[in-house]
Amino acid sequence: MDDRAEEDAGKLGLILDRLDPATRCRVSAAVPADLGSALDLLRGSAGVVAMRLHAMILGYGFVPVVCLS
């Protein structure tokens, strides 16, 4: 993992830790291995919370996207 991926994983952990149990059980996080896997994941998602531009672009048109900075 490069530094950005480690940083993102740390932020993701902080976000997930703050969710109440009822919400947390409805949230999943994934790092798809390739574009096809990412698109399959998006097609089955209710929405995307993205920290990187490419995730935002891929989610656009499929599902609602929330962007974090």
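Cut-off 10 angstrom, C-alpha nodes, Gaussian network model of the chain. Which of R26, R18, R43 fluctuates the most?
R26
Placing +1 at every Lys and Arg Cβ and -1 at every Asp and Glu Cβ, with all other atoms neutral, what dipole size does the chain have around its Cα centre, in debye to the nearest 20? Present the calculation step by step, with values, prior to reporting the outcome.
Working: 7 positive and 9 negative charges, 67 e Å.
That gives a dipole near 320 debye.
Of A33, G59, A5, which is farthest towards the positive pole of the chain's charge dipole, taken about the Cα centre with +1 and -1 on the beta-carbons of Lys, Arg and Asp, Glu respectively?
The residue sitting farthest along the positive end of the dipole is G59.
Considering only protein heavy atoms, what per residue accessible area in square angstrom results for segment 6-69 with a 1.4 angstrom probe?
Details: 4940 Å² over 64 residues.
Normalised by residue count, the accessible surface of segment 6-69 is 77 Å².
Specify whether the C-alpha gyration tensor of the chain places it in the rounded, prolate or oblate class, a ≥ b ≥ c being the square roots of the eigenvalues: rounded for a/c under 1.5, otherwise prolate if a/b is larger than b/c and oblate if not.
Numbers: a/c = 1.66, a/b = 1.15, b/c = 1.45.
Cα axes put the chain in the oblate bin.
By per-residue mean of other Cβ atoms within 10 Å, what is the highest-first order of 46-58, 3-15? Mind showing how you got there, number by number?
Working: 46-58: 14.2, 3-15: 11.6.
Ranking the peptides 46-58, 3-15 by packing returns 46-58, 3-15.
The values are calculated or read from the model by the stated rules, or taken from the named source; none is laboratory data. Owing to the predicted nature of the structure, the values given are computational and were not obtained by experimental measurement. Please note: Cβ atoms are built from the backbone with ideal geometry, for glycine as well, and neighbour counts cover all protein chains shown. What goes into the accessible areas is simple: the full protein's heavy atoms, side chains included, and nothing from ligands, DNA or RNA. Shrake-Rupley method; radii C 1.70, N 1.55, O 1.52, S 1.80 Å.
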